Amino acid sequence: MTSVISISGLVKSFGTARALDGLDLDVAAGEVHGFLGPNGSGKSTTIRVLLGLLRADAGSVRLFDGDPWRDAVGLHRRLAYVPGDVTLWPGMSGGEAIDLLGRLQGGLDPARRAELLERFELDPRKKARTYSKGNRQKVALVAALASDAELFVLDEPTSGLDPLKEAAFQEEVRALRAQGRTVLLSSHILAEAENLCDRVSIIRRGRTVQSGSLTELRHLTRTAMTVETARPVPGLAELPGVHGLRSDAGRMRFDVDTDALDAVVGCLAGAGVRSLTSTPPTLEELFLRHYGDAEAEGAGPAAGAGGVPAPAARS
Amino acid sequence: MSGGPSVAGTGTLIRAALRRDRWRLPLWIAGGAALVATQSVSSQALYDSPQDLAAYEASVGSNAASIALAGPPVGLDTVAGAVAFEISSFVILVAALMAMFTTGRHTRGDEEAGRTELLRATRVGRHAPLLAAVAVSALACAAMVPAVAAAGVGTGLPAGGSFLLGASVGAGALVFTGITAVVAQVTASARAVYGMVGGALGIAFVLRAVGDVEGSWVSWTSPIGWAQATHPWSDDRWSPILLCLLVTVGLLAAAGALLDRRDLGSGLLAARPGRASAPPSLASSLGLAVRLHRGALLGWAVALGLLGLVYGGLAGSVETLFADNPEARAFLPDSGSLVDAYLATTLSINALLAGAYAVSAVLRARAEESVGRAEPVLATATSRAAWLAGHGVVALAGASLVLLVAGAAIGAVRAVDTGDGGEFSRLLSASTAYLPAVWVLAGAAVALFGLLPRSASALAWGAVAYVAVVTMFAASLDWPGWVDDASPLAWTPLAPVEEWSAGALAGLTALAGLLLAAGVTGFRRRDLVPG
């Protein structure tokens, strides 16, 4: 499979602050690639380098078959971009901004534009000054999705959308994949990436710490479970992959490694399950567990700190 | 808080605003005081004998251009009175701009950026942000009083008049605090606030110019006229200051009442729905630039057109004043060339204003970059050069248009007044001599944008201020030659008095081209810089 984006050893500093410190990223044609990391880890900086808005200090960056700094204009004809923080011209209506950005990118499909406006329930006649954050985001999304780009670079595109529009957005991304287009989707929410992405790259402090398919990353994640059973469940605590079991009046709370879920459910089956809730792992927990990350330290004490050593970056 | 819940939190907001403005306000105030000190030193050096002062009084008393720029020709029999005449209008302008930007930034500017919403959700009353903004601006106006007084006394002028001049400057600026507070309630955009208050300031300046040249009541329609009616070091009147204070109180009451009648974030002028799709013209970086600049450009063109009509109309007064003032004949050439000297002065002022427009238009590109609106455009198939060229073309063409509109207006009025249709084309073509100097200012702003984006705004406005000060004061101050030579207007032939000089104009045009090229190259090689 050919690479649409290929970054290795990317370094970018602002003054004395090193925003990117040897970052690697590889996105294959036709895949939806999740680009994950906590706030301030360097996602937007990487994207700006990729768009030729910032110049790399070191490392190699290839976009399609070109250099994004030197061949910016030619490469931009083939991609559509949604910024993380959309700022529009206050006196211009949303419809005008969509048309402007679409035309500058190389033209947009009027039928698609109308369909997307309806889908995202955006009034194109309102002045941008009166739009909420979510509506500004929709303007950029409609302009991007109505274009005929090969690559979609989406920087936290759902951060202002309500759940219904978020679902609409996810369907649009699936449709793009079905058409064979490539999507780079940055996010700090693991669940969003799990829903959409074929592969993900996880970055932290300007470095790639994990890259691969979600199945490959499953061993890194744990599901938090709360179970109420009719009878005690002997041996649960001893099962491999169960961590931090606490029992309280017939109610048990514990964390399970994703690859041990099947064994745990099997073990519970005979005990008369009355209620069961499971919470999917979050990126924050993953960081906390594997990297003892400063950004996540406020989230609480490290649960079950043992186990998996920090894996080496793979790209 | 003792003032009731609607002003709760005002004290905290005032401290926060003073902290945000801790560099800006001292610079404005020091700038105003420096103007007075410079003028005082130079006037005392120039008119150190009674003969020199008499000659000055005779010539200025007959010079409509000086009166139109400066103020009422009173108290010219003393050096201190001459200082008040020469500098008061500029110091009042500086202080009024300070009041406008300070009040606007902390009212509509904060509201548009969403900061007011954040604050109002805390224990901050509805009137507190407006009251705090007005208080900070009023403090700055009040600080002008001792600063200007100290500049006068420190350079050896009598204390009473120095203090009165300071009080006049502060009181005049205070009125513009009130005007800005009202306008900030009416329109929802901070840019529009500065545009409308700037327009009001321009109208106030023109009204007092007309009144002062004609010696009529028209000066009393202008807040700048009130501030100058104190006549420091001659009549020493304090009553106009009381008038300024009363009007300010009325304006602030009106602003408070308007604030009660509108929602947070909205103006009194309702936002109309826009177009559902973009017109065909909005399809390129140039189309975008035209769209972004057209409102401001129209405003500048109308304002300079009106100014041109006023300047043209006052040209006739030059001859009248000359005839009324027989002593002036001893010092000045015949009245025909006197009118041309006046017209040359007005054309160079037009060039300064057109240069200011060009700089403001180029800096719009920097504003687009710093708030993040350049990013989505440059992520499309739009090159850096094309994006910058859009703003640059509008700045250059717009500034040229503004300059020629003003020149055409002067020419049209002169053609009607003199009955000689050739005056129109003569003054329009004289105006073209000032185009290259305007382009150099635009080029300097583009170069600064490309090479030093973070300080581009301060440095480019600094360049405009430099050219303005050199143009106004070079003749009266004993500066080394290079200070004058660094201004592009120094190399511009003073048409229609001096001959059109192809060599100098080609040189200035080439310099403008080099600066533009440097700016584009710099921008293509640097990162996008937010904030």
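The values are calculated or read from the model by the stated rules, or taken from the named source; none is laboratory data. Quantities reported herein were computed from a predicted structural model and do not represent experimental measurements. Here the Cβ is made from the backbone with ideal geometry for all residues, glycine too, and neighbour counts use every protein chain on show. Only protein heavy atoms, including side chains, enter the accessible area calculation; ligands, DNA and RNA are left aside. Shrake-Rupley method; radii C 1.70, N 1.55, O 1.52, S 1.80 Å.
See the values below:
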item: Checking B:L245 against (1) surrounded by fewer than 20 Cβ atoms within 10 Å (Cβ to Cβ); (2) closer than 22 Å to B:Q39 by Cα, the condition it does not meet; result: (2)
item: Output for region B:185-197, where each listed residue is closer than 21 Å to B:R364 by Cβ and either at pLDDT 90 or above or more than 14 Å from chain A (Cβ to nearest Cβ) (or both); result: B:V193, B:Y194, B:M196, B:V197
item: Residue in region B:442-453 that is in the same structural domain as B:L401 (by TED's automatic domain parsing), of a type outside the set (F, W, Y) and open to solvent by 50 Å² or more (accessible area, probe 1.4 Å) present; result: yes
item: Positions within region A:20-51 being hydrophobic (A, V, I, L, M, F, W, C) and either closer than 17 Å to B:R526 by Cα or not assigned by TED's automatic domain parsing to the domain that holds A:E194 (or both), in sequence order; result: A:I47, A:V49, A:L50, A:L51
item: Count of region B:380-410 residues which are under 26 Å from A:G52 (Cα atoms), open to solvent by 20 Å² or more (accessible area, probe 1.4 Å) and under 28 Å from the mean Cα position of the chain (by Cα); result: 2
item: Extreme residue, nearest to A:D155 (Cα to Cα), among residues of region A:41-63 that are charged (D, E, K, R) and open to solvent by 30 Å² or more (accessible area, probe 1.4 Å); result: A:R48
item: One residue from B:G443, B:G462, B:G407, B:G411 being of a type in the set (G, A, S) and without any contact (Cβ under 8 Å) to a residue 12 or more places away in the chain; result: B:G462
item: Residue satisfying all of: in region B:259-283; closer than 13 Å to B:A188 by Cα and either more than 10 Å from chain A (Cβ to nearest Cβ) or crowded, with 16+ Cβ neighbours inside 10 Å (or both); modelled with the lowest pLDDT among these; result: B:A270
item: Residues satisfying the stated conditions in region A:78-90, i.e. modelled with pLDDT of 90 or more, over 16 Å from A:R125 (Cα atoms) and within 7 Å of chain B (Cβ to nearest Cβ); result: A:Y81, A:P83, A:T87
item: Tally of residues being open to solvent by 40 Å² or more (accessible area, probe 1.4 Å) and either within 7 Å of another protein chain (Cβ to nearest Cβ) or among the basic types (K, R) (or both) across region A:91-113; result: 3
item: Selection status of A:G66, at the interface with chain B (Cβ under 10 Å from one of its Cβ atoms), open to solvent by less than 10 Å² (accessible area, probe 1.4 Å), out of contact with any strand residue (DSSP E or B) (no Cβ under 8 Å at 6 or more places or on another chain) and not hydrophobic (A, V, I, L, M, F, W, C); result: no
item: Residues satisfying the stated conditions in region B:58-88, i.e. part of a helix (DSSP H, G or I) and closer than 20 Å to B:A34 by Cβ; result: B:L69, B:V79, B:A80, B:A82, B:V83, B:A84, B:F85, B:E86, B:I87, B:S88
item: Unique match (being open to solvent by 10 Å² or more (accessible area, probe 1.4 Å) and modelled with pLDDT under 95) among B:W479, B:W439; result: B:W479
item: Candidates A:G180, A:G160, filtered to the one that is on the phi > 0 side of the Ramachandran plot and of a type outside the set (K, R); result: A:G180
item: Matching residues in region A:7-20 - criterion: being open to solvent by 40 Å² or more (accessible area, probe 1.4 Å) and touching a residue at least 40 places away in the same chain (Cβ under 8 Å); result: A:S8, A:R18
item: Long-range neighbours under 7 Å by Cβ, at least six apart or interchain, first residue open to solvent by 10 Å² or more (accessible area, probe 1.4 Å) within region B:160-186, second outside any helix (DSSP H, G or I); result: B:G160/B:D236; B:V186/B:G267; B:V186/B:L268; B:V186/B:L269
item: Among residues of region A:162-198, those that are open to solvent by less than 30 Å² (accessible area, probe 1.4 Å) and not in a helix (DSSP H, G or I), counted; result: 7
item: Qualifying positions in region A:69-82 - closer than 22 Å to B:S370 by Cβ and open to solvent by 10 Å² or more (accessible area, probe 1.4 Å); result: A:W69, A:A72, A:Y81
item: Count - residues of region B:190-228 that are touching an Asp or Glu at 6+ places or on another chain (Cβ under 6 Å) and not hydrophobic (A, V, I, L, M, F, W, C); result: 1
item: Subset of region B:131-159 (residues that are of a type outside the set (S, T, Y), open to solvent by 20 Å² or more (accessible area, probe 1.4 Å) and not in a helix (DSSP H, G or I)); result: B:G156, B:P158
item: Subset tally (residues that are under 26 Å from the mean Cα position of the chain (by Cα) and at positive phi) for region B:411-432; result: 0
item: Among the candidates B:W217, B:W226, residue that is surrounded by fewer than 24 Cβ atoms within 10 Å (Cβ to Cβ) and assigned by TED's automatic domain parsing to the domain that holds B:M144; result: B:W217
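Condition check ((1) of a type in the set (D, E, K, R); (2) farther than 26 Å from A:P90 by Cβ) across all residues:
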site	(1), (2)
B:D110	yes, no
B:T116	no, no
B:A121	no, no
B:R126	yes, no
B:A150	no, yes
B:V153	no, yes
B:G160	no, yes
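Rundown of residues vs (1) in contact with a His (Cβ under 8 Å, 6 or more places away or on another chain); (2) aliphatic (A, V, I, L, M); (3) assigned by TED's automatic domain parsing to the domain that holds B:A33, yes/no style:
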{"residue": "B:T107", "(1), (2), (3)": "no, no, yes"}
{"residue": "B:E111", "(1), (2), (3)": "no, no, yes"}
{"residue": "B:T122", "(1), (2), (3)": "no, no, yes"}
{"residue": "B:A133", "(1), (2), (3)": "yes, yes, yes"}
{"residue": "B:M144", "(1), (2), (3)": "no, yes, yes"}
{"residue": "B:G152", "(1), (2), (3)": "no, no, yes"}
{"residue": "B:L157", "(1), (2), (3)": "no, yes, yes"}
{"residue": "B:G161", "(1), (2), (3)": "no, no, yes"}
{"residue": "B:S168", "(1), (2), (3)": "no, no, yes"}
